[in-house]
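Data first, discussion second: the structure below is written as structure tokens.
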Amino acid sequence: MAHELYTRTNQKLYFAGLSLEAWRKAEQTQSMNAQGQVQAEREATLFHLYGAILGLCHEVAGYYRSPNAQARLVEDILTEETLAASPGPELAELIELAQHSETWLAKLLVEFACLHKPPRPPRQVKADPGLPLITAVSLDEEPQLLSHETLDEWRKNIKELALRFRGALTEW
């Protein structure tokens with residue numbers, strides 16, 4: 001493998017594509033562990049998409065010789081301080097996408113951060129001390145999880161950004 005910054009971004013996008021394909025296959029199987037496989041592939045896809053964004057940040061920060069070019073987290077690169085130290089339109093666009101909660105990049109960063117949190121049961125206020133301590137739980141209630149289509153769309157967005165940025169970062 002070449003030791004250019006873009007190779008890591010490409011590799012992570014490829015791995016995300018493999019995870020999405022494995023996810024699709026897991027959804028079509030009728031095996032007992034299909035639900036676990038789907039969840040594993042969902043998390044693997046999210047992991048690789050985060051890595052692709054980190055790789056893209058390294059490409060841009062490396063081109064502009066940013067002091068944060070070797071940062072290990074996307075959040076450490078996409079800061080106003082980094083932009084002030086080495087201004088560039090690509091970095092500014094990434095920071096803009098990361099700062100607005102309704103954008104796909106901000107959602108990706110939030111979802112990736114959630115992977116590192118322990119599961120928490122929903123909080124319920126106990127209004128009456130006379131109510132039983134043990135309550136029935138329905139297994140049908142499932143938290144809202146990211147869809148295959150959403151993660152595939154995020155992958156396409158990263159690819160489009162990478163191609164557009166690489167065209168602008170090329171020196172003539």
Practice task
Answer yes or no: is there a residue in the range 3-15 that is charged (D, E, K, R), surrounded by 15 or more Cβ atoms within 10 Å (Cβ to Cβ) and part of a helix (DSSP H, G or I).
Solution key: yes
Problem - E41 being more than 22 Å from S147 (Cβ to Cβ) and of a type in the set (D, E) - result: no
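A quick yes/no check of all residues on (1) among the hydrophobic types (A, V, I, L, M, F, W, C); (2) exposed (fewer than 10 other Cβ atoms within 10 Å of the Cβ); (3) modelled with pLDDT under 95; (4) out of contact with any Ser or Thr (no Cβ under 9 Å at 6 or more places or on another chain):
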| site | (1), (2), (3), (4) |
| --- | --- |
| R123 | no, yes, yes, yes |
| G130 | no, yes, yes, yes |
| L145 | yes, no, yes, yes |
| D152 | no, no, no, no |
Exercise for the section: Give A71, A26, A61 a once-over and let me know the one that is on the phi < 0 side of the Ramachandran plot, assigned to a loop (DSSP other than H, G, I, E, B) and buried (at least 16 other Cβ atoms within 10 Å of the Cβ). Expected result: A71
Practice task
Inspect all residues belonging to the range 81-99 and state whether any of them is part of a loop (DSSP other than H, G, I, E, B), of a type in the set (D, E, K, R) and over 18 Å from A168 (Cα atoms).
Solution key: no
Exercise for the section: Examine the range 76-87 for a residue that is at pLDDT 95 or above, within 27 Å of H3 (Cα to Cα) and touching a Phe, Trp or Tyr at 6+ places or on another chain (Cβ under 9 Å), and state whether such a residue exists. Expected result: no
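The values are calculated or read from the model by the stated rules, or taken from the named source; none is laboratory data. Note that the structure is a prediction, hence the values are computed from the model and not measured. Methodologically, a virtual Cβ is constructed for each residue, glycine included, from the backbone with ideal geometry; neighbour enumeration extends over all protein chains shown.
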